[in-house]
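First the structure, in the form of structure tokens, and then the observations on it.
The values are calculated or read from the model by the stated rules, or taken from the named source; none is laboratory data. Keep in mind it's a predicted model, so treat the numbers as computed, not measured. Please note: Cβ atoms are built from the backbone with ideal geometry, for glycine as well, and neighbour counts cover all protein chains shown. The protein model used for the area step is the full one, side chains on, heavy atoms only, and it has no ligands, DNA or RNA in it. Shrake-Rupley method; radii C 1.70, N 1.55, O 1.52, S 1.80 Å.
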Amino acid sequence: MKTVSVVIPVYNAHESLRRCLNSVLSQGRDGVEIIAMNDGSNDDSLEILREYEQRYENVIVVDTPNQGVALTRNRGIDIATGEYLAFVDCDDYIDPDYLNTYLDNLDQDYDIVIGGWRRRDADGRLLLERRLKGSEWETYINIYPWSKVFKRQFLLDNEVGFLDYGIGEDLFFTYSLGAKAKNPRVKVINYVGYTWTMNGASVSNTAHKGLNDSLDILFVLNRVDEQFADKPELLKYYYRRFLVWWLLYSGRKATPSHFVAEHDRVMKWINENNLRSSLTPFSRRLRGERLFERLSVFGFGIIERLHLVPLFAAIYCKGEGEVDE
């Protein structure tokens, strides 16, 4: 029987925690170990976890002072005893056939199985469904630790963990796998069983807004990039795509001057590190990329070539005064 450990970092999850735990408990298989890592919650999350620990022998609760999701997940990896490992965030939930579907696809030929996900708002409305088609590019853009199942020993052998920083811990973890393991055996499946719940008040959502100077995205990208001796072309394109997203998402709440300065800084980083990609947003190598994402990179490139970034920032950015750090 295949055994799997499900690591759930928990922080102030009163409203969603029971739904999350119940979804893992309803998987309809034996050999599931649930490791619920309470990360210093100051609501009643720990009490809820203790209740489940008393009722279910496969629920293990670990209570720690608040240290952030990266160190919490890293400790979960160390504590886990299953042959396989999965992550579920406490705001999210999985379909009843989730683990069976993944484990049926995880045999001796694969180290990681990657599937799709859906995103819903707090009221349950579907915002997006990402169904994967099996392309190499999809292994680059699925940077989340959830919607994947790993061989735990594969993570331990390659000493892969999450970066202890305020942003980018998922990005670092995912790309470290590719860099350290060289050629991990990855299987992409055409299955959607993970629901990612939109929580506008989450730490990750608030930390990314406003181009906070205390959280430097280039610190994360440098840590990723230094692990690669040779830079795959898809990696170079991902840097470009990611930084456009970063500017558009985080820069919306910034001042125009801050947006322009950050744009110049990150583009300088790409140029100085010889990370310009030869791929265009409409390359066939980007199979599985949504049209919206292709058009975002393409359109921003036109703005740059016409030297219209300052004008774009003046219209686009909604920040007033200096950004709080």
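Dividing the C-alpha radius of gyration of segment 48-107 by 2.2 N^0.38 Å, with N its residue count, gives 1.28. Here the chain is treated with +1 on each Lys and Arg Cβ and -1 on each Asp and Glu Cβ, and its dipole about the Cα centre works out to around 1540 debye. Rounded to whole numbers, the Karplus 3J(HN,Hα) couplings from phi for segment 160-175 are 9, x, 8, 6, 7, 8, x, 9, x, 5, 5, 4, 4, 4, 5, 6 Hz, using 6.51 cos²θ - 1.76 cosθ + 1.60 with θ = phi - 60°, and x at Gly and Pro. Sort segment 92-180 into rounded, prolate or oblate with this rule: let a ≥ b ≥ c be the square roots of the eigenvalues of the Cα gyration tensor; rounded if a/c is under 1.5, and if a/c is not under 1.5, prolate when a/b is larger than b/c, oblate otherwise. In terms of gyration-tensor shape, oblate. Holding the Cα-Cα limit at 20 Å, pick out from Lys2/Lys187; Lys148/Lys231; Lys151/Lys180 the pairs that are longer than that. The answer is Lys148/Lys231. Here the label points at Ser26 and Lys268, each 7 Å from Cα along the C-beta direction, are separated by 5.3 nm in the simple model. Restricting segment 275-325 to trypsin sites (Lys or Arg not before Pro) that sit in a DSSP loop and have at most 14 other Cβ atoms within 10 Å of their own Cβ leaves Arg276, Arg287, Arg290, Lys318. When the surface is traced with a 1.4 Å probe over the full set of protein chains, Arg241 keeps roughly 40 Å² accessible.
By accessible area, using a 1.4 Å probe on protein heavy atoms only, the chain has 49% of its surface on carbon and sulfur.
Start at zero, step by 5 Å, and the Cα-Cα distances of segment 209-285 spread as 3, 14, 26, 24, 17, 12, 4, 1 percent across the bins. Along its principal axes, the chain has C-alpha extents of 62, 44, 35 angstrom, given from the largest down.
Length available on full extension from Arg185 to Leu128: 0.36 nm per residue minus the Cα-Cα distance, which gives 17.8 nm.
Computed over the Cα atoms of segment 144-295, the ratio of the radius of gyration to the Kirkwood radius (Rg/Rh) comes to 0.95. The tail of the calculated P(r) for segment 84-125 beyond 13 Å holds 63 percent of all Cα-Cα pairs. On the principal axes of its alpha-carbon atoms, segment 1-115 has extents of 43, 26, 24 Å, going from largest to smallest. Solvent exposure of the chain, expressed per residue, is 47 Å² of accessible area, with all protein chains present and a 1.4 angstrom probe.
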